[in-house]
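The structure appears right after this line, and notes come after that.
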Amino acid sequence: MEPAERRFQNKAVLVTGAGDGIGRATALAFAREGANVVLADISAPRGEAALAAIRETGVDARFVETDVSRPDQVVNLVEHTLGAFGRLDCAFNNAGISGERARTADRTLEEWDRVIAVNLTGTWLCMKHEIPIMLRQGGGAIVNTASVAGILGIRRFSAYSASKHAIVGLTKSAALEYGRFGLRINTVCPGLIDTDFIRQATARDKPGVWPTRSLIASARHRIAKKVLASKQPGKRMGLPGEVAAAVLWLCSDAASFVNGHALVVDGGFSVR
């Protein structure tokens, strides 16, 4: 079904972490409103599947396999976007990982570094190479993905929470620096959203080869989802499309006076 308006007709949009969940839903939402989209994801199969779905909307879309913690790959991604469309109007820096569940003192340095590298450094690297393009154009909109964990502490996810708090601070600093040049840089802070990310975050066991373990893990995930939903004011988890709607609004002209803001999309979970 065609949207009532195509706010992003012929705009060039970049979405990282676009292979599934919030990233895929947002890339698809941009495409449905007329944007040409470059998708980035560390998983080629997920990225190619998302690309096929987006091309069904009739827009021009590309996929670039990218690890956002790798500077060379981020440069390649942004150069590919510029080469394909000649400009970059909106960027949704969404790629991120939860990391292993562990208390702060039990976390390994290797695992800590990986979470910070992907979530925080990856977001900064994307901004580092997106911003100069938008400056040359005279404007643009960037939305970074933080989390409700960026405004609250989360047990057993100290690295994740630290990285998301830092993304909020990074976004605010950049908004102050570049607002006078026509750039708007905001953050979206999703709460508990029903994606595979939740499956990974609630998993207790590493993936195994035994079918019984898979069945137990699936049952545990279903129980975990019910428990998590019961703790929400609305007694349900959010949907990826609900976060996508917030991202598109932040990138649209309707949010023209919104800059440096951390928009919480959590169904009221953080209102305590």
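Hey, can you tell me all the residues within segment 166-190 that are surrounded by fewer than 18 Cβ atoms within 10 Å (Cβ to Cβ) and either in contact (Cβ under 8 Å) with a residue 40 or more places away in the chain or among the β-branched types (Val, Ile, Thr) (or both)? Quick ask: steps written out before the conclusion?
First pass over segment 166-190, keeping only residues surrounded by fewer than 18 Cβ atoms within 10 Å (Cβ to Cβ): 169, 172-173, 176-177, 179-182.
Matches in segment 166-190: LYS172, LEU176, GLY179, PHE181, GLY182.
Just to verify a result, which residue in segment 71-103, among those that are outside any helix (DSSP H, G or I) and among the acidic types (Asp, Glu), is modelled with the lowest pLDDT?
Step one: of segment 71-103, the residues outside any helix (DSSP H, G or I) are 86-103.
Now restrict to residues that are among the acidic types (Asp, Glu): 89, 100.
Details: ASP89: 98, GLU100: 93.
So, considering only residues that are outside any helix (DSSP H, G or I) and among the acidic types (Asp, Glu), the one modelled with the lowest pLDDT is GLU100.
Restricting to segment 133-150, and then to whatever is in a helix (DSSP H, G or I) and either out of contact with any strand residue (DSSP E or B) (no Cβ under 8 Å at 6 or more places or on another chain) or not assigned by TED's automatic domain parsing to the domain that holds LEU176 (or both), can you tell me which residue is surrounded by the most Cβ atoms within 10 Å (Cβ to Cβ)?
The first filter runs over segment 133-150 and keeps only residues in a helix (DSSP H, G or I), leaving 133-137, 148-150.
With either out of contact with any strand residue (DSSP E or B) (no Cβ under 8 Å at 6 or more places or on another chain) or not assigned by TED's automatic domain parsing to the domain that holds LEU176 (or both) added as a condition, the list becomes 136-137.
Working: ARG136: 11, GLN137: 16.
Across segment 133-150, the extreme among qualifying residues is GLN137.
Checking the condition among the aliphatic types (A, V, I, L, M), within 20 Å of SER147 (Cβ to Cβ), modelled with pLDDT of 95 or more and not in a helix (DSSP H, G or I), which residue from VAL38, VAL15, VAL115 passes?
Numbers: VAL38 fails: within 20 Å of SER147 (Cβ to Cβ); VAL115 fails: not in a helix (DSSP H, G or I).
Sole residue among the options that is among the aliphatic types (A, V, I, L, M), within 20 Å of SER147 (Cβ to Cβ), modelled with pLDDT of 95 or more and not in a helix (DSSP H, G or I): VAL15.
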Can you name the condition, by its number, that GLN137 falls short on among (1) farther than 28 Å from GLY34 by Cβ; (2) over 18 Å from the mean Cα position of the chain (by Cα); (3) in contact (Cβ under 8 Å) with a residue 24 or more places away in the chain?
(1)
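The values are calculated or read from the model by the stated rules, or taken from the named source; none is laboratory data. All figures in this text were calculated on a predicted structure; none of them were measured in a lab. Cβ: placed from backbone, ideal geometry, glycine included. Neighbour counts: every protein chain shown.
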